[in-house]
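What follows is a set of notes on a single structure, which appears directly below.
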Amino acid sequence: MTRVSDGVQSQAGSRSAVPESRWPSVGAVVAAMVLTVLLPEELLLVPAWLLVLIEAILLVALVFGDPGRIDRRSNQLRILSIALVAVLVLNSLIATYLLVGDLIHGGKETNSASALLIAGSVVWASNNIAFSLLYWELDGGGSAHRTHSWPNRRVDLAFPQDLNPHVADDVWLPRFVDYLYLGLTNATALSPTDVMPLAPWAKIAMGVQSIISLAILGLVVARAVNVFT
C-alpha cells in the first residue's frame, strides 16, 4: 500500500486531509500505563507489570507498523489498535468494579481518606483516557479511515465543526485531543456537552462512561467524607 506523507487527496479537488500524528495517542497510552502501575493491587486482577507489558508490546507494534502520521489502512494494524484499546478499557472497568465493591463491602484502601481519594482519582483518570481512546478508535472507522474517506467520512460522533461547518477550517477532521476533551466533559457533566453521539455504540459508550464516573465520584467522595468525620 502506498503511504501518504503530505496529505490524502480528496474527491473535492486539490484540497487534502492531513493524516493525524500518532504521538498524542501514544502519550495517552503511556499515561494509562503509568496509572496502571499506580493502582493498588486490590484493584487489579493480574499483576500491573503484566498489563503494562501487554500494552507496551501492542503499542510498539503499532508505532513500528505506522510511525509518524497515521495514514496506513491495514487490517492487522486495526486489530492491534482495537486490542490495545480493549485491554485499556477492560482494565479500567475491572478496577472500577473492584473499587465500588471495596466501597460497599469495605476494603484496605477505604479506611484511609487520602488513600481512597488517590485510588479513586487514578481509576477515574484511567477511565477517561481509556474511553477517549475508544471514541478515537471507533469513530468513523479510526483515524486512518477518517483521513482517507474525507470529506465523506462516516460521522458516529458529531462535533460542532460537523454540525456547523462555518466554524471549521476548510479541511477539518477530529484529532485525538478532541476525543480526549469529549471523554473529560462526558465524565464531568455526566451527559453529552458539545459532541453528540449519533451511532448506537457511541450512545452506549458515553452512557456507560457517565454511569462509571457518577459511581466513582459519588461513592468515593461520600466514603472519604465519612472517613474524615
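Which one of these does LEU39 not meet: (1) in contact (Cβ under 8 Å) with a residue 60 or more places away in the chain; (2) more than 18 Å from ARG175 (Cα to Cα); (3) out of contact with any helix residue (DSSP H, G or I) (no Cβ under 6 Å at 6 or more places or on another chain)?
(3)
Could you list all residues from segment 110-140 that are of a type in the set (Val, Ile, Thr) and closer than 29 Å to ILE79 by Cβ?
Once the filter is applied, which keeps residues that are of a type in the set (Val, Ile, Thr) and closer than 29 Å to ILE79 by Cβ, segment 110-140 yields VAL122, VAL123, ILE129.
In segment 44-86, which residue that is among the basic types (Lys, Arg) and more than 16 Å from the chain's Cα centre (by Cα) is surrounded by the most Cβ atoms within 10 Å (Cβ to Cβ)?
That would be ARG69.
Of all residues in segment 152-172, how many are touching a strand residue (DSSP E or B) at 6+ places or on another chain (Cβ under 7 Å) and at pLDDT 90 or above?
Residues that pass the stated criteria total 2.
In segment 152-171, which residues are within 22 Å of the chain's Cα centre (by Cα) and part of a helix (DSSP H, G or I)?
Within segment 152-171, PRO160, GLN161, ASP162 meet the criteria.
The values are calculated or read from the model by the stated rules, or taken from the named source; none is laboratory data. Bear in mind the structure is a predicted one, so any value in this text is a computation, not a measurement. Don't worry about glycine lacking a Cβ; one is built from the backbone with ideal geometry, like all the others, and counts go over all protein chains shown.
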